[in-house]
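Worksheet for the structure shown next.
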Amino acid sequence: MMRQQSPQQRAPRAPGFDDSPLGGWWDLASVSALVLFWTVGLRVITDFGVTWDENFHITYGNAILDYFESGGANDLAITYRSNFLYGGAFDLLGALVMEYGPWKAYHAWHLAVFVVAMFAYAGVWRLGRFIGGPAAGFFALCALVLHPVFVGHSFNNPKDLPFAAGYVWAVYGIIRVVSVYPRLPRRRLVWLGVLLGLAMSVRIAGLLTLGYCAVALFMTLVVRRLAAPPGRPRFAEFQRLVSQLFAITVTAWITMVSTWPWALRDPIRRPFVVLERMTYFAHHDRRMPFAGRTIRVSDDTPEYLIHYFGLKTPEFLLALCGVGAVLLVRALMQLRRVSAQRNIHTLSYLLIWASLLFPPAYAIAKGSHLYDGLRHFLFIIPMMAVIAGLTAAALLDVAASLSHTVSRRAARVVVYATFGGVGVWHTYWIARLHPHESVYFNAASGGIGAAYENYDLDYYGASYNDASKLLQRTLWQRDRSYYLNNPVLVSGCWLASAVSEYVPQNFAVTHYRRANSSKADFFLGYTRSNCHKKHKEKPIYGRVQRDGGTIALIRDLRKEQKKKRKSRKSTPSSAPDPAAREGAAEASDPMNGTPPPGDGRAATRPSGPRPLPSNANAAERTSEQARAPKP
C-alpha cells in the first residue's frame, strides 16, 4: 500500500482543498462503485459492437508499432488516411494489448478502451473529492456513471473516450499544482507535463490544457501577490513562473510527440499544422437529420451542440449544473470579501467551468464542422459530472446546516431519497438501452422514439452487432432449413472486415459498395445517412429498437422462388454429402453443444492477423469462400 504523507511533509495548500487520506464512508462508497462498475463492465464488454473508427485505429496502431519496431523503415503510420494527424498514444496501447494480451482484434481494443475509461471515472472522483471533499467526489463519480451516453462510449470509442480521460486528468493535475503554488518541485512539474502531454497525444485539442495551465498559474500568482506583504520582488516571481511553464510545456510536448510518428519528423511545427486543420475538419461533409430537417455537416448551425447537449444529457445533470452556475456566480461576487488565499479555491472552481464551456464556445465561434451528435465533445461530460458532484455536496451541506433538528433531518432525507431515486431510475434506463446506451435521449426530449429520423441515433455503426444476432436468431426460428443448408450473404452500409466479427462461418458480408447488390440475401441498415431507407420495397425481417425508436433494421432481399427452392427438402440427386450435412448441423445446431445463433459466440474462427492497410478485397474473398459449392 502506498505510504501516506504526513501533514508536515505535504506542501501547504490554499484553503478549501481536500487532500486528506482516503477513508470514511464516502470514500468506501466511491471505491465500491468503481469496483462494481469494473466488474459489470468486464461481464458485458463483449455485448458492444464494433464502431466505424475501430478498424482504422487498429490499422493505425499496428502501423505505429511497426514504425518503432522497424526503426522508422515502415512508414505507413505517417501516411495512413487522416489518422496520421492524431497522436498515437492510445493507438499504440491498443496495438500492444492486441499483440500481447489474451484477446485479439476488436475485443482487445474494447478492453483497452474500457481500461482507459476507468481512469476517466477515477479522475472525476479524484477531482471532485479534491475540490469539494469525499461526498462531492462520490456524487461526481455517480453522475458520470449514470450518464448513458458516456457509459455507452466507454467500451468501443477509441478516440473520444481516451481523450476525455486525458482531459479530466490534465485539469486535475493543473488544479493540484495551483493549490500548492509557488512550491513546485521538479518532479511535480514533470508529473503535470506528462498529464498534459497524454491528453495532447490523443487529440491535438489537448493543447487547450496548456492554455488552461498558463492562465491558472498566472491568476494564482496574481492572487497570492495580493495577499503577500509589500516589498517582495515582483519580476523575480514572474520570471520563475515563466521558467516553470516552459518546463511543463517541454515535458508535455515530448510526451505528445513520442508516440506520434508523423509529428516526430517535425516536432515543433507539425502539431500547429494539425491544430489549424482540425479547426475546420471537413472530411465528412454529408447529410444528416437535425431538429426535424436535413442539413449538411458544412452548414452553419451554431445551435447544433446546444440541441444535442440539451437532449442527450440526463435531466438531473442539467439541473445540478444549473444550480452550480448560481453557486459560481455567488462565489465570484464574494471574491473581494474573503481572503485572497480562499480565492484560489474559487478560481479552481472557475477553471472547471472554463474547461466545460470554452471548447464548445470556441468551436461554435470558429464555425467548426460538427457531426455525430456530441461524440467529439465527449471530453467535457466529466466536467459536467464534477460540477454536479460539487453541487450535490453543497445541497447536502445546506440540508445539514439547518438550525431546527426536525427540519435538518427531513431535508437530509429528502435529498438522499431524491438522489437515490435518480440513481435507480437511470440505472434502469442504462440496463434497458444496453448495449446501445450511446443513443440515449432524455425523457424531456421525448426519448429515442421522438428523436428517430429527427436526430442522429446510431451514427457509429455499433448496432450491427445486435442486428446480425437478431438476423441469426430470426432465420433460425423461421427458416432453419435455409439457415443450415445455404450460405447467407448479407449486405449493408459498413466495413466488411468489422461486421464479419458478428456472423458465423456460413454467413458472408459484402463491401459497402455492394450494399445494393441483388445477390445479397439480407440487408442490414442503421440510421446514419438514411442507410435504413435502402431497399424500401423489400419486406422488413426484423428491427433493433430501443425506447420506441428503430436503431437498425433487417430487410429480406431473397426472391420468393429462391426461398422456396432453397428451403424445400433436398432430393437424393442434389442432396449434399451426409457427412457434410452432419458437420454443418454440428457447427450450427444449439442442440449439439454449440451456442444458438445470435449470442455472439457462434463464430469460432480465429480473429486473424493484423488488419492490412486496405481491406477493400476482404469482403470479396469472404463472399467467394462462402458461396463455394458444398461437397
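Values computed for the structure shown
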{"quantity": "Residue in region 380-396 that is among the polar types (S, T, N, Q) and either more than 20 Å from VAL202 (Cβ to Cβ) or exposed (fewer than 15 other Cβ atoms within 10 Å of the Cβ) (or both) present", "calculated": "yes"}
{"quantity": "Every pair of residues 6+ apart whose Cβ atoms lie under 6 Å, when the first sits in region 435-462 and is in contact (Cβ under 8 Å) with a residue 12 or more places away in the chain while the second is assigned to a helix (DSSP H, G or I) and of a type in the set (Gly, Ala, Ser)", "calculated": "GLU437/GLY152; SER438/GLY152; PHE441/GLY447; PHE441/ALA451"}
{"quantity": "Residues (assigned to a helix (DSSP H, G or I) and in contact (Cβ under 8 Å) with a residue 40 or more places away in the chain) located in region 99-111", "calculated": "ALA105, TYR106, HIS107, TRP109, HIS110, LEU111"}
{"quantity": "Identity of the residue in region 353-375, among the small types (Gly, Ala, Ser) and open to solvent by 30 Å² or more (accessible area, probe 1.4 Å), that ends up modelled with the lowest pLDDT", "calculated": "GLY367"}
{"quantity": "Those residues of region 449-469 which are of a type in the set (A, V, I, L, M) and crowded, with 22+ Cβ neighbours inside 10 Å, in sequence order", "calculated": "ALA451, LEU457, ALA462, ALA467"}
{"quantity": "Flag for TYR100 being at negative phi and open to solvent by 10 Å² or more (accessible area, probe 1.4 Å)", "calculated": "yes"}
{"quantity": "Checking ALA444 against (1) over 25 Å from PHE377 (Cβ atoms); (2) surrounded by fewer than 18 Cβ atoms within 10 Å (Cβ to Cβ), the condition it does not meet", "calculated": "(1)"}
{"quantity": "Check on ILE430, open to solvent by less than 30 Å² (accessible area, probe 1.4 Å), of a type in the set (Val, Ile, Thr), in contact with a strand residue (DSSP E or B) (Cβ under 8 Å, 6 or more places away or on another chain) and more than 25 Å from ARG558 (Cβ to Cβ)", "calculated": "no"}
{"quantity": "Helices (runs of 4 or more DSSP H) fully within region 265-352 counting 2 or more residues that are without any contact (Cβ under 8 Å) to a residue 60 or more places away in the chain and surrounded by 15 or more Cβ atoms within 10 Å (Cβ to Cβ)", "calculated": "315-333"}
{"quantity": "Residues that are farther than 17 Å from TYR464 by Cα and either open to solvent by less than 60 Å² (accessible area, probe 1.4 Å) or assigned to a loop (DSSP other than H, G, I, E, B) (or both), drawn from region 33-48", "calculated": "ALA33, LEU34, PHE37, GLY41"}
{"quantity": "Odd one out for LEU221 among (1) more than 25 Å from GLY173 (Cβ to Cβ); (2) aliphatic (A, V, I, L, M); (3) surrounded by 14 or more Cβ atoms within 10 Å (Cβ to Cβ)", "calculated": "(1)"}
{"quantity": "Among (1) open to solvent by 50 Å² or more (accessible area, probe 1.4 Å); (2) without any contact (Cβ under 8 Å) to a residue 40 or more places away in the chain - the single one ARG188 does not satisfy", "calculated": "(1)"}
{"quantity": "Some residue of region 192-202 being open to solvent by 40 Å² or more (accessible area, probe 1.4 Å) and over 21 Å from PRO162 (Cα atoms)", "calculated": "no"}
{"quantity": "Region 471-495 residues that are charged (D, E, K, R), paired with ones that are outside any helix (DSSP H, G or I) and open to solvent by less than 10 Å² (accessible area, probe 1.4 Å) (beta carbon under 8 Å, 6 or more apart)", "calculated": "ARG473/PRO597; ARG473/GLY598"}
{"quantity": "Residue ID - modelled with the highest pLDDT, chosen from residues in region 237-263 that are among the small types (Gly, Ala, Ser) and open to solvent by 50 Å² or more (accessible area, probe 1.4 Å)", "calculated": "SER258"}
{"quantity": "Output for region 410-434, where each listed residue is under 15 Å from PHE139 (Cβ atoms) and of a type in the set (D, E, K, R)", "calculated": "ARG412"}
{"quantity": "Residue satisfying all of: in region 493-511; open to solvent by 10 Å² or more (accessible area, probe 1.4 Å) and of a type in the set (S, T, N, Q); modelled with the lowest pLDDT among these", "calculated": "SER497"}
{"quantity": "Inter-residue pairs, beta-carbon under 6 Å, first more than 13 Å from LEU318 (Cα to Cα) and in region 378-398, second among the charged types (D, E, K, R), 6+ apart", "calculated": "LEU378/ASP160"}
{"quantity": "Listing of helices (runs of 4 or more DSSP H) fully contained in region 123-215 that carry 2 or more residues being out of contact with any Leu (no Cβ under 9 Å at 6 or more places or on another chain) and modelled with pLDDT of 95 or more", "calculated": "134-145, 186-200"}
{"quantity": "Hits in region 521-576 - residues which are farther than 23 Å from ARG286 by Cα, in contact with a helix residue (DSSP H, G or I) (Cβ under 7 Å, 6 or more places away or on another chain) and modelled with pLDDT of 90 or more", "calculated": "PHE522, TYR541, GLY542, VAL544, ARG546, ASP547, GLY548, ILE554"}
{"quantity": "Enumeration of residues in region 49-71 that are open to solvent by 20 Å² or more (accessible area, probe 1.4 Å) and of a type outside the set (A, V, I, L, M, F, W, C)", "calculated": "ASP53, ASP66, TYR67, GLU69, SER70, GLY71"}
{"quantity": "Filtered residues of region 450-500 (kept if within 21 Å of the chain's Cα centre (by Cα), under 19 Å from PHE48 (Cα atoms) and not in a helix (DSSP H, G or I))", "calculated": "ASP456, LEU457, ASP458, TYR459, TYR460, GLY461, ALA462, SER463, TRP494, LEU495"}
{"quantity": "Residue in region 233-256 that is outside any helix (DSSP H, G or I), on the phi < 0 side of the Ramachandran plot and in contact (Cβ under 8 Å) with a residue 12 or more places away in the chain present", "calculated": "no"}
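The values are calculated or read from the model by the stated rules, or taken from the named source; none is laboratory data. Everything numeric here is computed off the predicted structure, so don't read it as measured data. Cβ: placed from backbone, ideal geometry, glycine included. Neighbour counts: every protein chain shown. All accessible areas refer to the heavy atoms of the entire protein, side chains included, with ligands and DNA or RNA removed. Shrake-Rupley method; radii C 1.70, N 1.55, O 1.52, S 1.80 Å.
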